[in-house]
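What follows is a single structure, written as structure tokens, with notes after it.
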């Protein structure tokens with residue numbers, strides 16, 4: 001007596017259809033699971049037997065063999081327990097084969113036969129749709145997540161008995177219906193507002209520029225100058241995710257089981273701020289089953305690395321390729337998986353170990369060689385992938401002493417960012433995979449970046465004078481194009497190009513050497529605009 005029930009095994013953020021073959025034959029009573037099962041899957045036979053007995057099903061005293069095919073694919077997790085239990089009942093002729101062939105099944109069984117929430121239901125539902133199944137049968141706690149896939153019947157069950165009754169027609173369960181379907185993942189909880197940051201109008205404009213084009217940012221300045229506070233408010237000025245983007249993010253969180261109760265869809269752009277003790281596997285993913293890391297958890301959002309030089313060198317260097325490609329490939333002895341990682345990298349660092357190198361009113365206690373060594377912890381190839389470099393200054397007292405803040409709000413900046421992103425969507429509607437300027441591949445740059453003669457000349461001089469790499473040249477063009485989108489220019493003008501050049505302060509030859517000799521300190525004391533400061537007007541004091 002042989003029965004087949006289909007389920008799914010996770011491979012990265014996708015699911016592979018697994019066939020649970022259950023054979024029941026004469027012999028000494030024995031229950032065996034084969035097909036490369038991991039620990040939780042091997043233990044499932046104990047829970048399955050107890051759940052069947054406590055639900056009221058008496059198993060015949062026979063030899064039961066469960067094969068999870070394909071047998072060369074490692075099976076992990078507890079989602080196979082429901083399909084195994086149903087396969088045992090089908091092999092015992094208590095269920096018909098026809099209703100089992102219409103669905104993919106997944107669920108963890110308790111000893112009393114009730115079903116618990118599982119990970120990876122969204123990839124399972126996507127696999128069911130792509131492979132032509134009618135629907136999925138999953139725990140009721142996962143039904144909302146599975147219903148995000150259009151055109152799929154979702155059967156929510158709370159116990160093994162309910163599943164059997166539905167499949168036999170004794171008591172048919174009404175399919176789950178998702179309410180309020182929307183093509184946009186609207187914002188949920190309130191986010192910190194830019195108005196909370198006193199002063200620093202230049203930094204807000206620079207972050208607005210970064211948000212408008214999806215560019216990477218590095219902020220360097222003394223402690224307490226607002227670097228972390230600004231970074232944590234960056235998601236509040238980013239445009240809301242589309243429904244497609246939200247689905248991609250939700251798949252990553254579903255695989256790791258990070259979707260909270262009642263939250264089927266990740267609606268806010270992720271903001272991940274790992275501690276500097278993070279390992280390279282924790283950042284890009286890895287482990288025995290090659291799970292996603294912080295880089296993929298920040299997909300379509302912000303990855304914030306505070307105290308950048310304190311991260312281990314090998315951790316920072318693994319960022320190079322994913323930042324360029326927007327995807328991370330993990331090769332392991334038993335599997336190769338890929339995870340998406342289209343992120344905005346935002347990093348913050350002090351100018352030296354003590355934090356007060358080149359800060360007016362403070363004395364740096366670090367020897368010159370320690371300052372150079374501190375900056376050398378961040379490699380040149382990684383800095384080459386950062387579009388905007390900001391030098392922050394201490395907040396002046398008159399900003400802190402205001403009884404009421406008179407700062408530009410997140411809403412003001414977000415409206416400008418959304419207008420710029422809309423121009424980019426219209427420009428790239430025929431370019432698959434390109435949604436903002438930072439994602440524009442090199443071979444399409446000159447097609448979409450139209451420069452005025454003066455802007456072209458400025459770019460040529462900057463590349464020659466500062467010795468910029470080909471990658472830096474391309475990123476300058478993208479950044480200048482974003483500035484043009486923000487200001488509504490039909491082409492890249494000289495003011496747009498000048499701002500883009502000024503934003504790459506760390507590319508300048510002798511930047512740190514000049515600051516060591518007091519050039520930067522005199523500039524800060526004078527109160528002049530920083531080298532990256534936009535040439536346009538400051539944000540209004542009362543934008544609304």
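The values are calculated or read from the model by the stated rules, or taken from the named source; none is laboratory data. Just so you know, these numbers come straight off a predicted model, no measurement behind them. All Cβ positions, glycine included, derive from the backbone under ideal geometry; neighbour counts span all protein chains shown.
A few remarks follow.
- Take the conditions (1) modelled with pLDDT of 90 or more; (2) surrounded by fewer than 16 Cβ atoms within 10 Å (Cβ to Cβ); (3) farther than 23 Å from residue 118 by Cα; (4) out of contact with any helix residue (DSSP H, G or I) (no Cβ under 9 Å at 6 or more places or on another chain); residue 60 misses just one of them, which is (1).
- Whether a residue is modelled with pLDDT of 95 or more, closer than 18 Å to residue 7 by Cβ, touching a strand residue (DSSP E or B) at 6+ places or on another chain (Cβ under 9 Å) and surrounded by fewer than 24 Cβ atoms within 10 Å (Cβ to Cβ) was assessed, and residue 135 passes this test.
- When residues of segment 90-111 are limited to those that are touching a residue at least 12 places away in the same chain (Cβ under 8 Å) and out of contact with any strand residue (DSSP E or B) (no Cβ under 8 Å at 6 or more places or on another chain), the one surrounded by the fewest Cβ atoms within 10 Å (Cβ to Cβ): 93
- Test: residue in segment 145-157 that is over 19 Å from residue 265 (Cα atoms) and assigned by TED's automatic domain parsing to the domain that holds residue 18: yes
- Verdict on residue 490 being over 30 Å from the mean Cα position of the chain (by Cα) and closer than 24 Å to residue 321 by Cβ: no
- The listed residues are 46, 18, 22, 41, and the only one of them that is buried (at least 21 other Cβ atoms within 10 Å of the Cβ) and over 36 Å from the mean Cα position of the chain (by Cα) turns out to be 22.
- Scanning segment 282-312 for residues that are over 26 Å from residue 246 (Cβ atoms) and in contact (Cβ under 8 Å) with a residue 24 or more places away in the chain gives 306, 307, 308, 309, 310, 311, 312.
- Of the helices (runs of 4 or more DSSP H) lying entirely inside segment 149-244, those containing at least 2 residues that are modelled with pLDDT of 95 or more span 160-168, 201-213.
- Filtered residues of segment 1-15 (kept if buried (at least 20 other Cβ atoms within 10 Å of the Cβ) and on the phi < 0 side of the Ramachandran plot): 3, 5, 6, 7, 8, 9, 10, 13, 15
- Cβ pairs under 6 Å, 6+ apart, first in segment 488-504 and on the phi < 0 side of the Ramachandran plot and outside the structural domain of residue 390 (by TED's automatic domain parsing), second part of a helix (DSSP H, G or I) and surrounded by fewer than 17 Cβ atoms within 10 Å (Cβ to Cβ): 494/454
- Of all residues in segment 412-421, at least one satisfies being out of contact with any helix residue (DSSP H, G or I) (no Cβ under 6 Å at 6 or more places or on another chain) and under 24 Å from residue 327 (Cα atoms).
- Test set (1) at pLDDT 90 or above; (2) more than 32 Å from the chain's Cα centre (by Cα); (3) surrounded by 21 or more Cβ atoms within 10 Å (Cβ to Cβ) - residue 475 fails condition number: (2)
- Residue match in segment 72-81 (condition: without any contact (Cβ under 8 Å) to a residue 60 or more places away in the chain, in contact with a strand residue (DSSP E or B) (Cβ under 8 Å, 6 or more places away or on another chain) and within 17 Å of residue 23 (Cβ to Cβ)): no
- Selected residue (criterion: nearest to the chain's Cα centre (by Cα)) from residues of segment 424-468 that are part of a loop (DSSP other than H, G, I, E, B), within 18 Å of residue 498 (Cα to Cα) and touching a residue at least 40 places away in the same chain (Cβ under 8 Å): 449
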